[in-house]
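Just so you know, all these numbers are worked out from the coordinates, no wet-lab data involved. These numbers were taken from a predicted model, which means no experiment stands behind them. When we count neighbours, we look across all protein chains shown, and the Cβ atoms used for this are built from the backbone with ideal geometry, even at glycine.
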Amino acid sequence: MSTRIAFLKGHGTENDFVIVPDPENSLDLPPAAVAALCDRRAGIGGDGLLHVVRSAAHPEAAGMAAEAEWFMDYRNGDGSVAEMCGNGVRVFARYLQRAGHVTEGDLAVATRGGVKSVHLAKNGDVTVGMGRALLPGGEVTVRVGERSWPATHVNMGNPHAVAFVDDLAHAGDLRTAPPVGPDGAYPDGVNVEFVVDRGPRHVALRVHERGSGETRSCGTGACAVA
């Protein structure tokens with residue numbers, strides 16, 4: 001038995017998403033279904049899925065409903081859930097505007113990483129108050145093949161391991177998650193950023209997003225690196 005699902009596609013700085021409007025949280029979206037929708041060869045294709053739900057209708061967001069009407073139920077490309085996605089929340093807000101749910105100005109969006117403040121500008125820009133970066137401490141190491149680097153644990157509502165390297169090619173193909181130690185440091189997985197210094201106030205990075213592989217950009221990852 002098949003189910004018809006209305007969807008849109010959206011992208012922010014080439015980070016792309018399947019958008020599934022479901023205000024009353026009536027759709028069943030198990031991990032396998034999300035992964036199939038995000039599959040670039042057999043599905044719609046996307047780095048992740050934005051499930052658009054009213055906060056009051058979702059058990060994970062009901063406690064935020066008084067502060068934010070809408071909940072970004074974000075899923076990674078493999079179907080797993082995630083706390084936050086920087087580009088995703090911008091695309092989420094733009095969809096709400098396009099659908100007529102919100103207008104220009106300030107908007108509160110509930111996420112698993114807390115309520116985020118979004119601003120929809122008249123010129124079309126969408127900006128997000130990402131919140132304070134946390135540095136939980138603890139030594140972690142990122143490894144690719146025979147190389148390894150010390151990394152900094154940064155939390156942007158979701159976990160990141162940031163490693164400075166000499167050459168971005170050292171990150172490898174990033175189709176699979178780079179091993180991060182010690183074992184158990186990230187029981188729910190981690191986003192890994194490989195960063196090179198390009199000069200004063202200028203860095204470049206490649207990122208493996210947990211559950212999605214290498215992506216063209218990552219909003220929380222850029223903030224974690226900064």
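Odds and ends about this structure:
- Exposure proxy order (Cβ contacts within 10 Å, fewest to most) of K9, K122: K122, K9
- Protection proxy ranking of 180-193, 126-139, by the mean of other Cβ atoms within 10 Å over each peptide's residues and highest first, is 180-193, 126-139.
- Mean ellipticity per residue at 222 nm, deg cm²/dmol - from DSSP H runs of n ≥ 4 across the chain, formula -39500 (n - 2.57): -3500 deg cm²/dmol
- The base-10 log of I(q)/I(0) for the chain, evaluated at q = 0.14, 0.15 Å⁻¹, reads -0.88, -1.00 [Debye formula, identical scatterers on Cα atoms, solvent excluded].
- Ascending count of other beta-carbon atoms within 10 Å, so fewest first, for T152, T141: T141, T152
- Coupling constants for segment 159-166 follow from the phi torsions by the Karplus curve (6.51 cos²θ - 1.76 cosθ + 1.60, θ = phi - 60°), and in residue order they are x, 9, 10, 10, 10, 8, 10, 7 Hz; glycine and proline get x.
- Relative exposure of T215, T176, judged by other C-beta atoms within 10 Å (fewest first): T176, T215
- Between helix 86-98 and the chain: long-axis angle, C-alpha atoms, 0 to 90°, nearest 10: 20 degrees
- When only alpha carbons of segment 140-225 are considered, Rg and Dmax amount to 11.7, 35 Å.
- Remark: spin-label model distance R143-R41 equals 2.9 nm, labels positioned 7 Å along the Cα→Cβ axis.
- Rounded if a/c under 1.5, otherwise prolate or oblate - segment 8-129, Cα gyration tensor axes: oblate
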